[in-house]
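The values are calculated or read from the model by the stated rules, or taken from the named source; none is laboratory data. This is a predicted model, so every value here is computed, not measured. Heads up, the Cβs are rebuilt from the backbone with ideal geometry, glycines too, and the neighbour counts pull from every protein chain shown. Calculation scope for accessible area: heavy atoms of the full protein, side chains included, ligands and nucleic acids excluded. Shrake-Rupley method; radii C 1.70, N 1.55, O 1.52, S 1.80 Å.
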Amino acid sequence: MARPRTRQRPPDPLPQVDEPPAPWPTELLTGPRLFARALAPTTPVLWRYLGVVVLSSVLSGVAYALVVRHATTWAATTAGTPVPSILNALIDVLGGTFLGVLTAVLMWGLGTLGAGRAARPAEVYGASFALLPPLWLLVIVWTLLTPAAAWIPGAAATQAAGTALPELQVAGLRAAAGTQAGQLLLLVTLLGTAAQCALAVPALATLNGKPGRAVLGGLLPLVPALLVQFVGIAPLAIAALNRPGG
């Protein structure tokens with residue numbers, strides 16, 4: 001007689017483990033290593049902190065547009081040409097947004113080249129942009145609170161510029177670069193970018209376990225990111241360097 005077949009019991013399903021929530025990007029600012037430990041058990045998502053990148057980039061464009069608008073308006077008025085419209089300011093904002101996102105892409109790509117994918121540079125550098133929005137807001141508020149007279153070149157600079165629009169614009173930019181708001185904009189743009197790379201190194205090292213490669217992941221993006229950011233502020237930065245006594 002054939003033995004009756006016993007019905008095999010299906011294996012118990014594996015218990016589902018809930019993934020912990022990803023850390024807030026601001027946590028990188030207070031503890032890069034703690035941020036990395038909280039990020040490690042989560043699924044890698046390249047665009048996880050894209051929102052803070054875009055916010056920072058838009059604010060950088062707004063800050064620059066507000067700082068230079070006095071120079072362009074004064075130059076056009078003095079030269080007797082049409083005053084720049086809101087479209088010019090919008091172009092400055094869009095330019096700052098593009099350069100900010102491009103900086104993030106460079107940090108991701110070169111950070112991956114230096115530190116490796118295990119370090120998750122896209123997320124680490126994306127979170128590092130949380131450093132900048134409060135600083136851009138400070139620049140914006142400082143610009144709005146700066147008296148109008150501070151943006152106008154002195155009589156000697158105005159006389160030296162003559163009536164040609166390009167020379168008047170340069171004189172206006174030199175005056176803007178001499179204000180505290182203009183100087184703060186330059187500092188935030190350059191030192192803020194350097195600070196992002198410095199903040200990223202401990203987080204990269206915690207995630208990949210290779211301090212040497214983590215340092216490389218912080219150094220490789222530094223100069224290209226600074227160059228991209230300098231492009232955005234070049235007219236103001238060059239005017240600052242060419243100011244008398246600058």
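Multiplying the residue separation of Lys210 and Ala40 by 0.36 nm and removing their Cα-Cα distance gives an extension gain of 59.7 nm.
When the surface is traced with a 1.4 Å probe over the full set of protein chains, Val228 keeps roughly 20 Å² accessible.
Carbon and sulfur atoms: what percent of the 1.4 Å accessible area of the chain do they account for? Walk me through the numbers on the way to the answer.
Working: 9450 of 13690 Å².
C and S atoms contribute 69 percent here.
How much accessible area per residue does the stretch 54-162 have, in Å², with a 1.4 Å probe?
Per residue, the stretch 54-162 has an accessible area of 46 Å².
Distance from the C-alpha centroid of the stretch 149-182 to that of the stretch 53-115: 20 Å, rounded to the whole angstrom.
Using per-residue counts of other Cβ atoms within 10 Å, averaged over each peptide, order 145-156, 211-222 from highest down. All intermediate terms of the calculation are to be shown ahead of the outcome.
Details: 145-156: 13.1, 211-222: 20.2.
Averaged packing, sorted descending, gives the order 211-222, 145-156.
Calculated on the alpha-carbon coordinates, the convex hull of the stretch 119-235 measures out at 101 cubic angstrom per residue.
For the Cα atoms of the chain, what angle does the longest principal axis make with the long axis of helix 50-79, in degrees from 0 to 90, nearest 10? Tilt relative to the chain: about 10 degrees. A cut-off under 14 angstrom between Cβ atoms defines the neighbours of His70, and their net charge, with Lys, Arg +1 and Asp, Glu -1, is +1. Between the helical axis of 86-115 and the longest alpha-carbon principal axis of the chain there is an angle of about 40 degrees. Other residues lying with their Cβ under 11 Å from the Cβ of Leu46 contribute a combined charge of +2, Lys and Arg counting +1, Asp and Glu -1.
Heavy-atom accessible area, probed at 1.4 angstrom with all protein chains present, ranks Thr72, Thr26, Thr163 as Thr163, Thr26, Thr72, highest first. Hey, what angle do you get for helix 132-145 against the long axis of the chain, alpha-carbon based, 0 to 90 degrees rounded to 10? On a 0 to 90 degree scale, this one is about 20.
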